[in-house]
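Colleague: Starting off with a structure, shown below.
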């Protein structure tokens, strides 16, 4: 299995639009921050007060080499060390589908973050549907570069799944910016029929407006 610190194009997807979403001088927590490339860019471009949590020792080491504050931890175990609304933005980029307890992780994010940025591969993307339909095998492509037996993706979801989940849990959706990965890792917006034509889903959730009602 690929190390979580091995951030290729598929795991860096959407970094450019995440940077656009985060205001200057924000206090930011990046969960599953890998090698720290996103945190480093946010510090450089947005002058954030940034923190990271990463499972792999290799990833933590690479973050520290970049001068970032990062500690080794498993977000599936919770974020009890952080007080409610203690961050302006909590980022979970291309990691939700590999968590063991996504419901718990999302609840913790909504507790500690005034805003949450959640992005993930869209398993409703039409190339994935066609490969399953025509070949009868688990998809393996640029979006999903793993064999079925080595994939870290254990909770597969679509944009439509996440929207329904947010409605059911009353997580206020501030913005949706679904996209495809273009040349050089540039994010290209997918505004039409995103559940079918977007490779990735990205949501900005409003933690301050979330009441905690179930």
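The values are calculated or read from the model by the stated rules, or taken from the named source; none is laboratory data. A quick note: this is a predicted structure, and the numbers were derived from the prediction, not measured. Cβ placement follows ideal geometry from the backbone for every residue including glycine, while neighbour counts extend to all protein chains displayed.
Colleague: Please work out which one of (1) touching a helix residue (DSSP H, G or I) at 6+ places or on another chain (Cβ under 8 Å); (2) at pLDDT below 95 is the condition residue 159 fails and give its number.
Modeller: All conditions are met except number (2).
Colleague: Go through the range 186-206 and give me each residue that's within 16 Å of the chain's Cα centre (by Cα) and either at pLDDT below 85 or over 19 Å from residue 140 (Cα atoms) (or both). Break it down into steps so the answer makes sense when it comes.
Modeller: Applying the first criterion (within 16 Å of the chain's Cα centre (by Cα)) to the range 186-206 yields 187, 198-206.
187, 202, 203, 204, 205, 206, listed by residue number.
Colleague: Another question about this same structure. I'd like the residue in the range 119-144 that is at pLDDT 90 or above and touching a helix residue (DSSP H, G or I) at 6+ places or on another chain (Cβ under 6 Å) and, out of all such residues, is farthest from residue 29 (Cα to Cα).
Modeller: This residue is 126.
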